[in-house]
Amino acid sequence: TAVTTPGLSYTDNNLANLATGYYYADLVEADGSRIITSPIWYSRDDATVKSEQNITLAPTKTVTYGDADFPIGATSDNTNINITYTSSDTNIATITNNDVHIVKAGSVTITANQAGDTFFNPAVAKQQIITIAPKAITVTADAKTKVEATADPAFTYTATPALVGADIFTGALARNPGETAGYY
């Protein structure tokens, strides 16, 4: 038997934390007999009144070229929506798995964003300036000897700490001119 109940509405404050969607409800007569089980579209009354979400992010950070990838460290008062990051200059730093990957020395701005959804407005984007200092390298010429009037030995050097990745030095080693016995 079809049951028609025009304008039926139901309020149950226990549903306040459910997400919008389909739920099953039993329509029950006053005597307690069940008439029908039916899917009902449920939407939260507060779905139109969205909550704010706030990102917290440290304003500046200083690191050194060659440092390992590091987390940005943004947090939000809403942990249900992920924070995403962008770099203002991917030639200086990129974002990899939500960590900063240093490409070269310089300054870059990392922006943290958090999208909105049915219940939350998008968060106000927050920015962090990261200053990437050059890596200090000490280069020491290796001591060499030669006999007067013979060809110079191959000049070599030692660099500490090691260079980063595929970085290389360019140029050539040379010594002051002279052929008499002594230090050059």
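The values are calculated or read from the model by the stated rules, or taken from the named source; none is laboratory data. These numbers were taken from a predicted model, which means no experiment stands behind them. Don't worry about glycine lacking a Cβ; one is built from the backbone with ideal geometry, like all the others, and counts go over all protein chains shown. The area values use the complete protein model at the heavy-atom level, side chains included, leaving out ligands, DNA and RNA. Shrake-Rupley method; radii C 1.70, N 1.55, O 1.52, S 1.80 Å.
For the range 61-184, what is the accessible area per residue in Å² when the probe is 1.4 Å? All intermediate terms of the calculation are to be shown ahead of the outcome.
Details: 8120 Å² over 124 residues.
Averaged over the residues of the range 61-184, the accessible area is 65 Å².
Could you sort ASP77, ASP69 by accessible area so the largest value comes first, with the probe set to 1.4 Å?
From most exposed to least exposed: ASP77, ASP69.
Tell me the Kirkwood radius of the range 47-165: reciprocal of the mean inverse pair distance over distinct alpha-carbon atoms, in Å. Mind showing how you got there, number by number?
Numbers: mean 1/r = 0.0570 Å⁻¹.
So the Kirkwood estimate lands at 17.5 Å.
³J(HN,Hα) across the range 51-67 via Karplus (A = 6.51, B = -1.76, C = 1.60, θ = phi - 60°), whole Hz, x for Gly/Pro?
7, 8, 10, 10, 8, 10, 8, 5, x, 9, 7, 10, 9, 10, 3, x, 5
If we count every other residue with Cβ under 13 angstrom of GLY66's Cβ, Lys/Arg +1 and Asp/Glu -1, where does the sum land?
Neighbourhood net charge equals -1.
Give the ranking of GLU148, GLU179 by solvent-accessible surface, highest area first, calculated with a 1.4 Å probe.
Reading off the accessible areas and sorting them downward yields GLU148, GLU179.
Taking 7 Å along the Cα-to-C-beta vector as the label spot, tell me the THR86-THR150 distance in nanometres, rounded to one decimal.
6.5
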